[in-house]
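Below you'll find the structure, written out as structure tokens, and then a few comments.
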Amino acid sequence: DVWQSRVWVGEYFTAISFRDSLVGWLGSASGRIFGTTNGGSIWTELGRLFLPILNLRFFSSVYGFAMGGLLDLAGVVARTTNAGATWSAQSVCPDPVTDLHFLDSLNIIGVFGGTDFGGIITTSNGGSNWVSRFLSIWGRPLALAVRTPAEMWSPLGFTRTYMYTLDSGVTWTSLYTPDTTEVYDAVFTDVQ
């Protein structure tokens, strides 16, 4: 494979998601969302949230979410059901949403946080309504890695800890990282 560079003047990209080798999306710190249908040769602006976008997750080629926000101001989730042609944004918590995971098309869990404590957001109706819950675990959840529908892990970065659940997000526990290393992302390659 050959990598090509493209200069984007005045834009700082903070999120990228590809559905397949051709269809993908970019999110920026200024809240702009771009899409491609040809593997990134051409990008088209699809919308703007006016808050920084930290992540993009898609369930299908047409149904997905952009998420982000500002510390101590708003955690925002924007949903698209038409491949990004339009976005419907809503404030769902007081700090930026950093990641989401689809348990199925209707049941979604996500993590959010600021500089002190983090929390989770959940929906059971595909993102029409969200419920947020602060956790009494110090740190900012930065990603959500799901091994099974019951077991999920989230690295907490500068605190040198993870938070994890073994009961689908009902209860969460913190655990120090190996060698007290700062961890900022986590992925399970074999999701069961």
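Worth a mention:
- Listing of strands (runs of 3 or more DSSP E) fully contained in region 107-192 that carry 2 or more residues being without any contact (Cβ under 8 Å) to a residue 24 or more places away in the chain: 117-123, 131-138, 161-165, 173-176
- Of all residues in region 9-18, exactly one satisfies the criterion of being open to solvent by 100 Å² or more (accessible area, probe 1.4 Å) and either within 15 Å of Thr36 (Cβ to Cβ) or part of a strand (DSSP E or B) (or both), namely Ile16.
- Test: Arg57 is outside any loop (DSSP other than H, G, I, E, B), under 21 Å from Cys93 (Cβ atoms) and open to solvent by 70 Å² or more (accessible area, probe 1.4 Å): yes
- For region 90-122, the set of residues classified as surrounded by fewer than 21 Cβ atoms within 10 Å (Cβ to Cβ) and farther than 20 Å from Thr159 by Cβ consists of Gln90, Ser91, His101, Phe102, Leu103, Asp104, Ser105, Leu106, Asn107, Ile109, Thr122, listed by residue number.
- So Asp72, is it open to solvent by less than 30 Å² (accessible area, probe 1.4 Å) and more than 19 Å from Tyr12 (Cβ to Cβ): no
- Screening the candidates Gly110, Gly75 for the property of being touching a Cys at 6+ places or on another chain (Cβ under 8 Å) and closer than 26 Å to Tyr162 by Cα yields one hit, Gly75.
- Pairing residues of region 63-74 that are assigned to a loop (DSSP other than H, G, I, E, B) and acidic (Asp, Glu) with residues that are modelled with pLDDT of 90 or more and surrounded by fewer than 24 Cβ atoms within 10 Å (Cβ to Cβ), at Cβ distances under 8 Å and at least 6 apart in sequence or on separate chains, gives Asp72/Pro94.
- Flag for Leu46 being more than 27 Å from Pro141 (Cα to Cα) and buried (at least 19 other Cβ atoms within 10 Å of the Cβ): yes
- None of Arg79, Arg6 is of a type in the set (D, E, K, R), touching a strand residue (DSSP E or B) at 6+ places or on another chain (Cβ under 7 Å) and either open to solvent by 60 Å² or more (accessible area, probe 1.4 Å) or assigned to a strand (DSSP E or B) (or both) except Arg79.
- Scope region 20-33; condition crowded, with 16+ Cβ neighbours inside 10 Å and not in a strand (DSSP E or B); matching residues: Val23, Ser30, Gly31
The values are calculated or read from the model by the stated rules, or taken from the named source; none is laboratory data. Since the structure is predicted, the reported quantities are computational estimates derived from the model, not experimental observations. Positions of Cβ are backbone-derived with ideal geometry, glycine not excepted, and every protein chain shown enters the neighbour counts. Heads up: the accessible areas ignore ligands, DNA and RNA and are worked out on the full protein's heavy atoms, side chains in. Shrake-Rupley method; radii C 1.70, N 1.55, O 1.52, S 1.80 Å.
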